Amino acid sequence: MLPLVLLSACNSHKKVYTSNCDQNIVFIHVDYAHLMDSLKYYDQKYVEVSGRYTSGKEQSALFSDSLYIIQPAKAFWVNFSTDCPLYLSGTHIGFFDLDEGGFTKINDKKIKIRGKIDLHNHGYQKQYKGCIDHVSFIEL
């Protein structure tokens, strides 16, 4: 019984934001390195991938967590859409709403994300490997 309690305690700090978009889609869980190595295969497919998210002026990108080097050529532009609003599970708190006195703190954090890979969208100044579009899930 004790391991179950400890396991649930470890998971209680994660925040999950979901959207009603793409509820019937089966997402392919893929490792970041494998996704980069097989980009053409994953183009226009729905994936779940983990990495380190970075945001800033004209930046919204997912980088490899194992090789965290800010090189847009080795990253994906992350395109959030108002068509797929994300809400904290079990609440009406939106991903871009004020939470605990500020916006959701996601910059420079490891996240799990679900979305559609688009190799024709290279993000700001066309400097990224591709785009994770139609984001419907974020786990912090």
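Taking the Cα of F96, stepping 7 Å toward and past its beta carbon, and measuring to each backbone N in the range 13-48: which are under 17 Å? What the label zone holds, given the 17 Å backbone N cut-off, is 17-21. With a 1.4 Å probe rolled over the protein heavy atoms of all chains, the accessible area of H13, H134, H34 falls in the order H13, H34, H134, largest first.
In the structure shown, do any of K15/K126; K45/K129; K14/K110; K15/K45 have a Cα-Cα gap over 22 Å, and if so which? The pairs that break the limit, which is 22 Å between Cα atoms, are K15/K126; K15/K45. V16 sits among other residues whose Cβ lies under 10 Å from its own Cβ, and their net charge, with Lys and Arg +1 and Asp and Glu -1, is +2. In this structure, the amide hydrogen of S60, modeled 1.01 Å from its nitrogen in the peptide plane, lies closer than 5 angstrom to those of V78, counting only residues at least 5 positions away or on a different chain. Derived value for the range 16-139: Kirkwood hydrodynamic radius 14.6 Å. Basis is the mean of 1/r over every pair of different alpha-carbon atoms. Phi angles across the range 55-64 convert, under the Karplus curve 6.51 cos²θ - 1.76 cosθ + 1.60 with θ = phi - 60°, into 3J(HN,Hα) values of 10, x, 4, 6, 9, 8, 9, 10, 10, 5 Hz, Gly and Pro given as x. Modelled spin-label separation between K109 and S38, with each label point placed 7 Å from Cα along the Cα-to-Cβ direction: 3.0 nm. If R0 is 25 Å, the Cβ-Cβ spacing of E58 and L119 corresponds to a FRET efficiency of close to 0.75. Considering only F80, H34, N20, the residue lying farthest towards the positive end of the dipole of the range 16-139 is H34, judged by Cα position with unit charges set on Cβ. Residue by residue, the range 16-21 carries 3J(HN,Hα) couplings of 10, 10, 10, 10, 6, 5 Hz when phi is fed to the Karplus relation 6.51 cos²θ - 1.76 cosθ + 1.60 (θ = phi - 60°); x denotes Gly or Pro.
The values are calculated or read from the model by the stated rules, or taken from the named source; none is laboratory data. Small disclaimer: the values here were computed from a predicted structure and weren't measured. Glycine also receives a Cβ, built like all others from the backbone with ideal geometry; neighbour counts cover every protein chain displayed. The accessibility values were calculated without ligands, DNA or RNA, using every heavy atom of the protein model including side chains. Shrake-Rupley method; radii C 1.70, N 1.55, O 1.52, S 1.80 Å.
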